[in-house]
Each structure stands twice: as C-alpha cells, then as structure tokens.
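The values are calculated or read from the model by the stated rules, or taken from the named source; none is laboratory data. The shown structure was predicted, so the numbers you read here are calculated from the model rather than taken from an experiment. Note that we place each Cβ from the backbone using ideal geometry, even for glycine, and neighbour counts take in every protein chain shown.
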Amino acid sequence: MYKNITTNLMVASVDASVKFYQEILGLEVVASVPAKDQTLQFAILAKEAITLMLQEKNNLSEEYPILATEKIQPSITLYITVEDFETFYANTEKNYSIYTEPHATFYGAKEFAITDPDGYVLTFTEYKEG
C-alpha cells in the first residue's frame, strides 16, 4: 500500500539548504518553486534512494498554520547510512564542523553527526556484518 516517506524540512533559506545538501550528499534539485524575489521557497532534492523536500519557514507555515513558529526548532534528525565510513568521515571533517565525533554504538554501527544550516542533525552511520 505505501511506497515511501519523504521528509519536508522547514528551513530559513531554501537556497542555502539546497547548496548544503548538494555539497554533503550530492543531491540534485528535481523540482523547485521560486518566490516572488526569485529565491526558492520550495525544492525537492533526490539522488539514488534519497529524496528530501525543503520549504521556506513562512511558506510552510502558511500551508500548515499549526507549524507556525518564530524560530525554527528542529525536532527530527536525519539518519543516513553510508558506504566507506572512514573515507566519508575524513572528507566531511575537512569541510564541516563535527557535532558528534565518530563512535561505536551498542547496536553495532559506527556513527558521527553534523548539523545543517538550520540546526537539523545529520547522523552518518555504517553497519558492518559480523
């Protein structure tokens, strides 16, 4: 019955967030809606099995008034499985501040985390068989 679930993040600047997610995840814009000032008010980004929507705070609040807020207060994290964890971490730490240093979890994964321009936490993980 269900095919997928896609996260729509409330962001201060869709343009800045698009740039961030293009750099960190290699996502590509597959659809977007410009505002009157030609900045983006909405974008859908995708690559392989990942799809992410970004929507400007005021635009999203107009669509869903229950989400209206003075300041963006992230309340979700993005949990992203990667291949070649060590190389991905080495490349990431060169360009981004590390929020949570690499560590082993009780459930058999290696993880580290960074934050995006709006404070959403992105946790990168790799599981090893055995």
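In a loop (DSSP other than H, G, I, E, B), free of Cβ contacts under 8 Å to residues at least 12 places away in the same chain and on the phi < 0 side of the Ramachandran plot, is that true of SER75?
yes
Return only the number of the condition from (1) in a helix (DSSP H, G or I); (2) under 17 Å from the mean Cα position of the chain (by Cα); (3) closer than 21 Å to ILE24 by Cα that GLU86 does not satisfy.
All conditions are met except number (2).
Can you name the residue in region 32-88 that is closer than 18 Å to PHE124 by Cβ and touching a helix residue (DSSP H, G or I) at 6+ places or on another chain (Cβ under 8 Å) and, of all such residues, is surrounded by the most Cβ atoms within 10 Å (Cβ to Cβ)?
Checked region 32-88; the qualifying residue surrounded by the most Cβ atoms within 10 Å (Cβ to Cβ) is LEU45.
Here is a list: ILE98, ILE80, ILE114. Which entry is free of Cβ contacts under 8 Å to residues at least 60 places away in the same chain, of a type outside the set (Gly, Ala, Ser) and either part of a strand (DSSP E or B) or assigned by TED's automatic domain parsing to the domain that holds MET10 (or both)?
ILE80
Please determine whether any residue of region 12-29 is aliphatic (A, V, I, L, M), without any contact (Cβ under 8 Å) to a residue 40 or more places away in the chain, out of contact with any helix residue (DSSP H, G or I) (no Cβ under 6 Å at 6 or more places or on another chain) and farther than 22 Å from THR92 by Cα.
no
One line per residue, one yes/no per condition, for (1) modelled with pLDDT of 95 or more; (2) under 12 Å from ASP116 (Cβ atoms); (3) assigned to a loop (DSSP other than H, G, I, E, B):
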residue: LYS3; (1), (2), (3): no, no, yes
residue: ASN8; (1), (2), (3): yes, no, no
residue: VAL18; (1), (2), (3): yes, yes, no
residue: ASP37; (1), (2), (3): no, no, yes
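Considering only residues that are farther than 15 Å from THR7 by Cα and either of a type in the set (D, E, K, R) or assigned by TED's automatic domain parsing to the domain that holds PHE88 (or both), which ones fall in region 20-64?
Selection gives GLU23, GLU28, LYS36, ASP37, GLU48, GLU62, GLU63.
Being among the charged types (D, E, K, R), under 27 Å from PRO102 (Cβ atoms) and either in a loop (DSSP other than H, G, I, E, B) or not assigned by TED's automatic domain parsing to the domain that holds PHE112 (or both): is that true of GLU70 here?
Criteria not met by GLU70.
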